[in-house]
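A.B. asks: Quick one: this structure, given as structure tokens, is what I'll be asking you about.
Derivation of every value follows stated rules applied to the coordinates shown; laboratory data play no part. Here the structure is a predicted model, which is why all the values come from computation and not from measurement. Cβ atoms come from the backbone with ideal geometry, glycine included; neighbour counts cover every protein chain shown.
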């Protein structure tokens with residue numbers, strides 16, 4: 001089992017550019033979660049999907065951030081017009097919702113906005 | 001309220017002693033309480049968890065206690081080793097939904 005896969009591992013963008021982050025959950029896991037980690041804010045929930053349906057996006061900044069899960073094997077987090085304050089490690093986690101509450105994290109994507 | 005408070009933020013212990021981290025939560029619907037260990041440059045790794053139908057759980061030198069009345073849970077690392085040095089996060093969730101994390105505890109174990 002490869003675990004949760006996230007690509008790219010590092011991304012550098014210029015202010016105002018778009019960034020798309022990818023997550024492949026553990027095979028068979030039905031829930032995918034996105035979190036963001038910074039020194040100042042710690043670990044923050046952004047959004048999650050269950051059986052590909054968006055369930056809760058209460059942590060997502062309303063402007064510029066969007067997430068999708070077009071199929072059970074991947075989810076994307078898109079940030080439009082990136083700003084320096086978007087710099088963070090974006091972590092994806094998956095769980096076998098319904099069978100277990102355990103969430104397993106991917107290695108994260110370190111986004112740096114210059 | 002959705003916050004999870006975690007204390008202390010820094011914990012320094014001698015090798016072989018115990019380390020304890022305490023968390024409190026606000027959401028009465030929370031019923032799942034995992035603990036994650038994160039080493040520098042790595043992702044958080046689940047080390048132990050407890051559900052609300054239990055008061056105590058133990059595995060491999062780790063003990064988790066849950067007091068639902070006080071909305072408090074804690075992690076106890078027994079017989080600490082240098083390899084236990086890391087950042088530890090507590091979290092709470094309701095029914096497998098979003099994890100609300102504490103602010104983290106940096107544990108440093110000195111020989």
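A.B. asks: When every alpha-carbon pair in chain A is counted, what percent end up more than 22 Å apart? Write out the running numbers ahead of the final one.
C.D. replies: Working: 1638 of 6441 pairs.
Cα-Cα pairs in chain A separated by more than 22 Å: 25 percent.
A.B. asks: Using 10 Å bins from zero, what percent of all Cα-Cα pairs in the stretch A:8-59 falls into each bin?
C.D. replies: Pair shares across the bins are 19, 43, 33, 4.
A.B. asks: While we're here: Sort A:87, B:110 so the one with the fewest other Cβ atoms within 10 Å of its own Cβ comes first. Show your work: numbers first, answer last.
C.D. replies: Values: A:87 16, B:110 11.
Final ranking by Cβ density, sparse to dense: B:110, A:87.
A.B. asks: Within the stretch A:13-38, find all residues whose amide N lies under 18 Å from a label point positioned 7 Å from the Cα of residue A:53 along Cα-to-beta-carbon.
C.D. replies: A:29-33, by backbone N distance to the label point.
A.B. asks: Can you put A:33, B:73, A:49 in order, fewest other beta carbons within 10 Å first?
C.D. replies: Values: A:33 31, B:73 26, A:49 23.
So the ranking, lowest neighbour count to highest, is A:49, B:73, A:33.
A.B. asks: I would also like to ask the following. Which whole number in µm²/s is D for the stretch B:11-72 by Stokes-Einstein, with the Kirkwood Rh taken over Cα pairs at 37 °C and 0.692 mPa s? Let's see the in-between values first.
C.D. replies: On the way: Rh = 13.2 Å.
For the chosen part, D equals 248 µm²/s.
A.B. asks: Follow-up. What is the ratio of the Cα radius of gyration of the protein assembly as shown to 2.2 N^0.38 Å, with N the residue count, to two decimals?
C.D. replies: That ratio works out to 1.02.
A.B. asks: Another question, then. Describe numerically, in nm with one decimal, the distance between label points set 7 Å from Cα along Cα→Cβ at residue B:7 and at residue A:15.
C.D. replies: 4.0 nm
A.B. asks: Please report, in Å, the Rg and the Dmax of chain B, where both are computed over Cα atoms only.
C.D. replies: That works out to 13.3, 41 Å for Rg and Dmax.
A.B. asks: Consider all pairwise Cα distances in the stretch A:71-114 and report the whole-number % of them above 16 Å.
C.D. replies: Values: 485 of 946 pairs.
Counting pairs separated by more than 16 Å, the tail of P(r) holds 51 percent.
A.B. asks: Also: Give me the inter-chain shielding for A:55-66: mean count of other chain Cβ atoms within 10 Å, whole number please. List each step's numbers first, then the result.
C.D. replies: Working: counts 2, 2, 0, 2, 2, 0, 0, 0, 0, 0, 0, 0.
Counting other chains' Cβ atoms within 10 Å and averaging over A:55-66 gives 1.
A.B. asks: Please compute the length gained on full extension between residue A:71 and residue A:99, using 0.36 nm multiplied by the number of residues separating them and subtracting their Cα-Cα distance. Kindly include the intermediate steps, with their values, before the conclusion.
C.D. replies: Working: separation 28, 0.36 × 28 = 10.08 nm, distance 2.03 nm.
Gain in length upon complete extension: 8.1 nm.
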